[in-house]
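A short write-up of the structure that comes next.
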Amino acid sequence: MRLYDYELSGNCYKVRFLLHALGIAYERHSINFFPGREHKSDQFLSEVNPLGQIPVLEDDGLLLRDAQAILVYLASRYDKAKAWYPDDACLRGEIQVWLATADEITRTASAARLHDALGYTQFDIEACRAGAHEVFRVIDDHLSVRQAEGAQWLVGDRPTVADIACFPYIALAGEGGISIDGYPALRQWLWHFRSQPRFIGMAGIMALDLTHH
Amino acid sequence: MTFQCDDRTVLDDWLTVGPSTRLTGRSSTNPYRTKLLSSDVDVWRDGQGKVVARCGDSTLMVQDAYGYLWICPSGKPTKTIFSFPEYAEPGRRIVDCDGIGVAVSGLRMVENFLDMGHFPYVHAHYLGEVPQTEVAAYEVNVDESAGEIWATNCRFYQPKTSKSATTGLDVQYRYRVMQPMSAILYKTAFPRPGEMDAIGLFVQPHDEESITAYCLLAYYDDTTTETDLLSFQHTIFGQDKPILENQRPKRMPLQPGSEVPTRCDAMSVAYRRWLKARGTSYGAVR
């Protein structure tokens, strides 16, 4: 199994997180995303992903793009316990809502971070930040109701691919100049996410336990 | 005044505005535009290949050195651009890691670069490892003739000092500050333990609280791919970024007593003293 990857990409992190949680060994194929823009090279576009985006997963003859699609694939195929993507119509419907929301987070919060950190000056930074706040408000409202009912996760009673998909760009929002101080339920959920026993961080999201890899 | 900066020491320094490759495909009608000291700066090469820089109606003093563009905002540099002999040394490989934007004062960025104490915490499993957190005593000297600070005889145990490292190593370090916003660190080259790799940190201050931090490697490493070297360096920078952005105040306090240093901060103490003595205030608490 091979992952086309870049360390600072939150979307790649989602896949690394689930692969680690499931204990799956894989080859990490680094892409010169910045400053080389290798993901926009002719070779990458023709052979790996015509959309010029990472992550892309290569497994058993399958070439799969889109972080959320990869999460669903990995959980469906390799999670014997069916915990990360439960085999239940209602839960899957709800999970799909948050997988789509994750795309909205990428369009707003991740774009703001690319603007501030990697010089993507073509983005309208104020529009990105305003959009991120709109999505964060929706998630915070949902989580505050859930937390009032004693639940911790976006869907069901344990973390699922929905939580993984929404986590990194909320955790990294500060790097795009987006404060999450006004979203207490969101912050509590971030803390729960980081407190999972097999949590791994990324550059910009520290693991709570420094002795763990 | 062209720039929103009244700190003569910074105006008379050489400040980078990014790698020279930014000028590819640029011209006087379609220049590379970037922000320096709160002003827009346009840079391009003229027909003869000479670099030209303008800020509003003013032509700026600019040069191309070490693969980077350098502007002296006042046009009256106190000294020539710093030496970087490792850049042209045979056997070394030059890798430009480009820059990452950080919402912090340039002075805090450089100070973080000079600090070994944070390695086991912020760069766990790469540049340090709990519980091996002790910073051994090292020497700090100001080279008055060159106007630079040096920290020497530094060493630190690092589980993975660079991309090419396959085991942990007691790594030797030397630090050199050439200007308030430019520094180089030298560290044991994993593939050639008798030699030292050089890593340049060049800070472009967009304003007093936001910068781009560029990084240039002059490495002894013939085997690691460029992508892997970049990936390693971006990982380290990405780990520092949230720590830097959460420092309060964003500007650096230079008044003694406003922050409490310990013995391992000797380099930081020397840096702050040196800034105060030369009268640098841009990016500092005033």
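The values are calculated or read from the model by the stated rules, or taken from the named source; none is laboratory data. Not measured: the values here are computed from a predicted model. A quick note on method: Cβ atoms are made from the backbone with ideal geometry, for glycine too, and the neighbour counts reach across all protein chains shown. For the accessible areas, the whole protein counts, side chains as well, though only heavy atoms, and no ligand, DNA or RNA atoms are used. Shrake-Rupley method; radii C 1.70, N 1.55, O 1.52, S 1.80 Å.
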Residues from region A:167-209 losing no less than 20 square angstrom of accessible surface in the full protein assembly compared with the chain alone, 1.4 angstrom probe, ligands and nucleic acids excluded, are A:Glu175, A:Ala203, A:Gly204, A:Met206
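Need one value for B:236-245: mean number of C-beta atoms belonging to other chains within 10 Å of its residues' C-beta atoms. Mind showing how you got there, number by number?
Numbers: counts 2, 5, 9, 7, 2, 8, 8, 2, 0, 6.
Taking all residues of B:236-245 together, the mean is 5.
For region A:89-194, take the convex hull of the Cα atoms, compute a quarter of its surface area, and give me that in nm², please.
Details: hull surface 25.2 nm².
Average of the hull's projected areas for region A:89-194 equals 6.3 nm².
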Assign one of three labels to region B:1-131, namely rounded, prolate or oblate, based on the Cα gyration tensor with a ≥ b ≥ c the square roots of its eigenvalues; rounded applies when a/c is under 1.5, prolate when it is not and a/b is larger than b/c, and oblate otherwise. prolate
Under the span-like rule (Cα at least 27 Å along the axis, Kyte-Doolittle mean at least -0.5), DSSP H helices of chain A: A:125-148
Protein accessible area in region B:85-278, 1.4 Å probe - carbon and sulfur %: 51 percent
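In debye to the nearest 20, how big a dipole does the protein assembly as shown give about its Cα centre with +1 on each Lys and Arg Cβ and -1 on each Asp and Glu Cβ? Write out the running numbers ahead of the final one.
Working: 50 positive and 63 negative charges, 118 e Å.
It comes to approximately 560 debye.
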So what does B:Thr166 come to for accessible area, using a 1.4 Å probe and Å² rounded to 10? 120 Å²
In square nanometres, what is the average projected area of the Cα convex hull of region B:210-259? 5.1 nm²
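Just checking the output field for B:120-127: average partner chain Cβ neighbours within 10 Å of each residue's Cβ?
On the way: counts 1, 2, 3, 1, 8, 5, 1, 0.
The per-residue average across the peptide is 3.
Can you pull out the GluC sites (Glu not before Pro) in region A:87-142 whose DSSP state is coil and whose Cβ has at most 15 other Cβ atoms within 10 Å? Provide the component values of the computation, followed by the final result.
Details: sites: A:Glu94, A:Glu104, A:Glu126, A:Glu134; in loops: none.
Hits after loop and neighbour filter: nothing returned.
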Taking max minus min of the Cα coordinates of region A:2-78 on each principal axis, largest first, gives extents in Å of 32, 24, 19
In region A:94-126, the residues losing 30 Å² or more of accessible area (1.4 Å probe, heavy atoms of protein chains only) relative to their chain alone are A:Ala117
Rounded to 10°, Cα long-axis angle of helix B:226-245 versus longest principal axis of chain B: 90 degrees
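Rounded to a whole number, what % of the accessible area of region A:89-194 do carbon and sulfur atoms account for, probe 1.4 Å?
On the way: 2440 of 4490 Å².
Using a 1.4 Å probe with all protein chains present, region A:89-194 comes out at 54 percent carbon and sulfur.
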With +1 on each Lys and Arg Cβ and -1 on each Asp and Glu Cβ, how big is the dipole of chain B about its Cα centre, in debye rounded to the nearest 20? 380 debye
Trypsin sites (Lys or Arg not before Pro) restricted to DSSP loop in region A:1-76 with at most 12 other C-beta within 10 Å: A:Arg37
How many partner chain Cβ atoms sit within 10 Å of a residue's Cβ in peptide A:3-12, on average, as a whole number? 2
As a test of reading the structure, rank B:Ser28, A:Ser110, A:Ser144 by solvent-accessible area (1.4 Å probe, protein chains only), most first. B:Ser28, A:Ser144, A:Ser110
Test item: Cα-centred dipole of chain A, Lys/Arg +1 and Asp/Glu -1 on Cβ, debye: 320 debye
Within region A:69-161, report the trypsin sites (Lys or Arg not before Pro) that DSSP leaves as loop and that have at most 16 other Cβ atoms within 10 Å. A:Lys80, A:Lys82
Tell me, for chain B, which Cys residues have no other cysteine's C-beta sitting closer than 4.7 Å. B:Cys5, B:Cys55, B:Cys72, B:Cys154, B:Cys264
Alpha-carbon gyration tensor eigenvalues x 5, square-rooted, for chain B, Å: 30, 23, 17
Using the Cα atoms of the protein assembly as shown, I'd like the radius of gyration and the largest Cα-Cα distance, Dmax, both in angstrom. 23.6, 75
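Determine the shape class of chain A: with a ≥ b ≥ c the square roots of the Cα gyration tensor eigenvalues, call it rounded for a/c under 1.5, and otherwise prolate if a/b is greater than b/c, oblate otherwise. Walk me through the numbers before you get to the answer.
Values: a/c = 1.60, a/b = 1.12, b/c = 1.43.
Because a/c hits 1.5 or more and a/b fails to exceed b/c, chain A counts as oblate.
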Mean-square fluctuation check for chain A, GNM, Cα pairs under 10 Å: which of A:Leu62, A:Leu71, A:Leu45 is largest? A:Leu62
